[in-house]
Structure formats: C-alpha cells, structure tokens
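Undergrad: Have a look at this one.
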Amino acid sequence: AVATSNRRIYLVDARTGNMRLDYMISRSFQGSPLIDGDLVYIGGEDGVVRALSLNARTPFMEKELLVFWTQLYIWDVAPPPRPQVGVVWSGKIKGSIYSGLAKGDGKIFTGAEGGTLYALDDSSGSKVWEFKTERSIFSAPVVVGDTVLVTSLDGRLYAVDIKTGEKRWDFTTKDRITSSPIIANNTIFLTSQDGTLYALR
C-alpha cells in the first residue's frame, strides 16, 4: 500500500508489481499506511481515516465514471456518487492527519494537526475517545501493551491509557518532537529537534 502526496493511495501486488487499486481523495496523504490482515488503514489531510480492502481491484473505467458522475452531481442532476471501490469504512476527525496510524485493543489511533489523539473503533471508524495535547501531532502513535505513546510539537511524550484515553504520565524535552518513539529492551528512545536523543525507562 503506497500513499502519495498526489492525493492517491495505490495497492500494488507484491509479487508482480501490478497496480490493483487506485484510490483518490481531495487532499494529500502524508503518513504511511497501516496494514492489518485484509485491511489497510490510512489517514489523509482531509481529516478522514479510511479502511480499505487489500483485496479490492479498480474496475475498468472506474475513475472516468466517478469523475463524470461527480460533475453531474455538482450540476444537481444526479444523486451523490457512490463510494469508491475498496472502502470498508471511513471516520472523520477534526484536523488534518499528517502522521501514520497505530492499532491495538480494537482501536485505530491517529494524531491530528490540532493536537488531538483520536481512538477510533477498528470495525466502524466511530470515535471511542480523544486525548488533547498542547500542540499538533506529526508523528505516528505507538502502542505498547495497554498504553499509547504519542509525541507532539509542544516537546512532550504522552503516555495514554489505551482503554480510557486518560493520561498516565508525560515527559518534556527541550524542543519540538516530530518523530515517533521507539521501544527496545524495555527502553523508550526519543529524539527532539534540537538533536537530543533520550532513553527513558
């Protein structure tokens, strides 16, 4: 699954390199797709998290048909166009999504430009809870056991309860954080934009 800044996500056959699905939205994709089982999850700058079927294939002339149908809808002579092929569900949040996603405990986690971490039900896209930070979130959340780790431009690493969305603790660095933490050997490794590497236990 390849997300691009030209507003498309492509599903490509890993064995042959042939494109199976060309899915387009109105704004860019910035974060990496998250693949789990037969689904690929992706958040876009339009503030929508989508679950797409990895088995979906773009039908012949699909793109041209949707463009034509959308134009008729704009002229108010046709009903709204049907969803593109491959969509399992979509869930709208407030703010653009520039980061990747994380999954755990039956939820999809994403951070938004406005500084909110959202937990969405992984079977429907409906909001389960939200957690507010002080600044925008540009890095993918990380799930560790029953905790979600998320960083924000306020220079903090937040540890959030995976079930309730309540803050457990936070750690403040000296500069903004735009990368995800990495967990290895019971240690959290974290970098800030002033070039400092932190190791937390």
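Undergrad: Counting just the residues of region 142-201 that are touching a residue at least 40 places away in the same chain (Cβ under 8 Å) and charged (D, E, K, R), which one comes out nearest to Q30 (Cα to Cα)?
TA: Among them, the one singled out is R176.
Undergrad: Could you list all residues from region 167-201 that are outside any strand (DSSP E or B) and out of contact with any strand residue (DSSP E or B) (no Cβ under 7 Å at 6 or more places or on another chain)?
TA: Result: K174, D175, R176, T178, N185, N186, S192, Q193, D194, G195, T196.
Undergrad: Just the residues that are out of contact with any Ser or Thr (no Cβ under 8 Å at 6 or more places or on another chain), among the hydrophobic types (A, V, I, L, M, F, W, C) and open to solvent by 10 Å² or more (accessible area, probe 1.4 Å), please, taken from region 144-177.
TA: V144, W169, F171 - these are the residues of region 144-177 that are out of contact with any Ser or Thr (no Cβ under 8 Å at 6 or more places or on another chain), among the hydrophobic types (A, V, I, L, M, F, W, C) and open to solvent by 10 Å² or more (accessible area, probe 1.4 Å).
Undergrad: To continue, here is another question. Quick one: is Y198 more than 20 Å from the chain's Cα centre (by Cα), of a type outside the set (S, T, N, Q) and surrounded by 14 or more Cβ atoms within 10 Å (Cβ to Cβ)?
TA: yes
Undergrad: If I filter region 126-143 down to residues being among the hydroxyl-bearing types (S, T, Y) and open to solvent by less than 20 Å² (accessible area, probe 1.4 Å), which single residue comes out as farthest from F109 (Cα to Cα)?
TA: In this case the residue turns out to be T133.
Undergrad: Mind checking which residues of region 73-98 are surrounded by 13 or more Cβ atoms within 10 Å (Cβ to Cβ) and assigned to a helix (DSSP H, G or I)?
TA: Hit for region 73-98 is Y73, nothing else.
Undergrad: Which of the residues spanning region 159-179 are among the hydroxyl-bearing types (S, T, Y) and touching a Phe, Trp or Tyr at 6+ places or on another chain (Cβ under 7 Å)?
TA: T164, T173, T178
The values are calculated or read from the model by the stated rules, or taken from the named source; none is laboratory data. The structure presented is a predicted model; accordingly, all values stated were derived computationally and were not measured. Positions of Cβ are backbone-derived with ideal geometry, glycine not excepted, and every protein chain shown enters the neighbour counts. Accessible surface is based on the protein model in full, side chains and every heavy atom, while ligands, DNA and RNA are left aside. Shrake-Rupley method; radii C 1.70, N 1.55, O 1.52, S 1.80 Å.
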